[in-house]
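A short worksheet on the structure shown next.
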Amino acid sequence: MLNVPSQSFPAPSSQQRVASGGRSKVPLKQGRSLMDWIRLTKSGKDLTGLKGRLIEVTEEELKKHSKKDDCWICIRGFVYNVSPYMEYHPGGEDELMRAAGSDGTDLFDQVHRWVNYESMLKECLVGRMAVKPAIPKDYHEEKKVLNGMLPKSQVTDALAKEGPSSPSYDWFQTDSLVTIVIYTKQKDITLDSVIVDHQDDSFRAETIIKDYSYLIDIELSHEIQEDFSVRIVENVGKIEIVLKKKENTSWKCLGHPLENHNSLIPKKDAGLYYRQCQLISKEDVTHDTRLFCFMLPPSTYLQVPIGQHVYLKLTITDTEIVKPYTPISDSLLSEFKEPVLPNNKYIYFLIKIYPAGLFTPELDHLQIGDFVFISNPEGNFKISQFQELEDLFLLAAGTGFTPMVKILNYALTNIPSLRKVKLMFFNKTEDDIIWRSQLEKLAFKDKRFDVEFVLSAPISEWNGKQGHISPALLSEFLKRSSDKSKVLICICGPMPFTEQGIKLLHDLNFSKDEMHSFTA
Ligand code: FAD
Ligand code: NAD
């Protein structure tokens, strides 16, 4: 079903040689695709050399395994023998060897924190790091010794001191309702800062406060109904989650606290939380791009903030595979299409299907009614970047258009200071242009908006702009509406495109604050 990439493919400059996060992909040998790796892990071969035995690994032992053909790496306290994986690693052997015989957690987190290594490497698991008998008092000392092995509460306590003041929560009840109140102590809390899930017995509410995550995680003492509501009292930073009791009895306590309950932890340490979402519809947008609509479970409250992405997880040949995608609105401007479905229960994606890819062909094979796991949102775009904005320039290539959809929607309807919005949309051919007619209609309808299409492989009849991102194209395109106008330039696409774009913008004297690039 899946083609193995040949040695000469992709072309040296292709985006496909670059992994998300800016990491270069190396060309892999024949028979060394991720799918081949998955097959090998299912073959029953002993990949650790320990015949399925799990051992406790000391630091001294770990250090001994630092050669290519005998390479152990520790990630979050678990040790893997990655030698058999070397040739299959999309980032290449050298990148993996940087962590040989040591704790690779930091390195891993820098490059691809979201990759599901537990599933990908489960047949390579050697065992756990041996826990040190005494925990040093100083957190930073301990961190140097063994990253990823700290008791969580310690990390929380130490880092929370540097973060926002800790929120708190309370609860009260009537005969039929239970209200959980979170006091965030932040005035700028919005409805997309809180994500609530009720799955099985566990009730989980995650509130994002700056770069931190405040968690309510509790096994409720009584049953509740599926639906609940979430309200914000903005100017006092209070969040109210109103649950409906299944039976009108009085609760003596809210429930039993689960791990990390009532804690404030750096968002990057919070881990990704997933819920199962059902495929509701799928329609062609171009020859290789589809619009997918998924329904959130009734017991989930989640709104993906503008400019952020989520992770989709599928189990492919018994291995969990995770990839990032950027939710969009179902059309460019709601006037074009009456929203058939209430927005807060449905989540839309524009996804390009790569026939030789690992994830997208599987996604494409899903039937209506099938399920996919969708994570909490991530990303560093901030709505405050729009404040007082006058000129908004969007540089998008291929599916790099996806973050621009919500940005366009939001900017044109919510920023009174906005004078001009221009999109330069780079594609290979006319057939690749996503939502061309919607973009043209929008430009016709809203005089502030303009779109230019640039093709890198047009047919000879194309009389629009051609080529790749370049100084000439950008200097002509990026004209401020006035000398001192407040500008934001957003850029998204294949990594080489984004990197070149950022460099060109620097050369054109735009400051860091005036640009935002989208990456994982
Ligand atoms: P992959 O398996 O990654 O392969 C893609 C292509 O590269 C294939 O043709 C494959 O043969 C080739 N290839 C892969 N590895 C190698 C190698 N080592 N050597 C040679 N060839 C190789 N995409 C969207 O369509 N919509 C979105 O909204 C979207 N949002 C994103 C948001 C973020 C933050 C990021 C980082 C990416 C986003 N992407 C989006 C891209 C998406 O995450 C996937 O990378 C994409 O869907 C490809 O996944 P795949 O597993 O199908 O393909
Ligand atoms: P594509 O291969 O169809 O290329 C589209 C255009 O990008 C080309 O016409 C060209 O102008 C430009 N381009 C491609 N390779 C280039 C290179 N090496 N140097 C300069 N310009 C180049 O694009 P696609 O297959 O739709 O890929 C879209 C990319 O956008 C993927 O890599 C995806 O991961 C990324 N993406 C990122 C995010 C995000 O970070 N938030 C969101 C969506 C998509």
### Message
Out of the GluC sites (Glu not before Pro) in region 432-461, which ones are loop residues according to DSSP with at most 14 other C-beta atoms within 10 Å?
### Response
E461
### Summary
Ordered by number, the trypsin sites (Lys or Arg not before Pro) in region 26-99 that occupy a DSSP loop and have at most 14 other Cβ atoms within 10 Å are K29, K42, K45, K51, R53, K68, R98
### Task
List the trypsin sites (Lys or Arg not before Pro) within region 207-253 that fall in a DSSP loop (any state other than H, G, I, E or B) and whose Cβ has at most 15 other Cβ atoms within 10 Å.
K210, K246, K252
#### Entry: Cα-centred dipole magnitude for the chain, charges only on beta-carbon of K, R (+1) and D, E (-1), debye, nearest 20
660
#### Entry: Surface per residue (accessible, 1.4 Å probe) for the chain, Å²
49
### Violating pairs (Cα-Cα greater than 22 angstrom) within the set K244/K406; K352/K420; K122/K313; K479/K503; K422/K445
K244/K406; K352/K420
### Task
Grab the DSSP H runs of the chain that are 4 residues or longer, score each as -39,500 (n - 2.57), total them, divide by all residues and round the 222 nm result to the nearest 500 deg cm²/dmol.
-5000 deg cm²/dmol
### Query
Y273: net charge of surrounding residues, Cβ under 10 Å, Lys/Arg +1, Asp/Glu -1, itself excluded?
-1
### Summary
Those helices of the chain passing the 15 Å axial Cα length cut-off and the mean Kyte-Doolittle cut-off of -1.0 (DSSP H runs only) are 402-414, 495-507
### Query
Do you know the relative contact order of the chain, to the nearest whole percent, from alpha carbon pairs under 8 angstrom that are 6+ apart?
11
### Query
Of all the accessible heavy-atom surface of region 238-296, with the other protein chains kept in place and a 1.4 Å probe, what percent is carbon and sulfur?
47
### Task
Sort out for me the Cα centre separation of region 425-485 from region 237-301, rounded to whole Å.
38
### Query
Using alpha-carbon pairs under 8 Å, 6+ residues apart, how would you state the relative contact order of region 271-387 in percent?
40
### Task
Find out how many positive minus negative residues lie around E476, taking Lys and Arg as positive, Asp and Glu as negative, among other residues whose Cβ is under 12 Å from that of E476.
+2
#### Entry: Formal net charge of residues neighbouring I351 (Cβ-Cβ distance under 9 Å; K, R +1; D, E -1)
+1
### Query
How many angstrom separate the Cα center of region 49-113 from the Cα center of region 380-404?
38
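The values are calculated or read from the model by the stated rules, or taken from the named source; none is laboratory data. This is a predicted model, so every value here is computed, not measured. Here the Cβ is made from the backbone with ideal geometry for all residues, glycine too, and neighbour counts use every protein chain on show. Accessible surface is based on the protein model in full, side chains and every heavy atom, while ligands, DNA and RNA are left aside. Shrake-Rupley method; radii C 1.70, N 1.55, O 1.52, S 1.80 Å.
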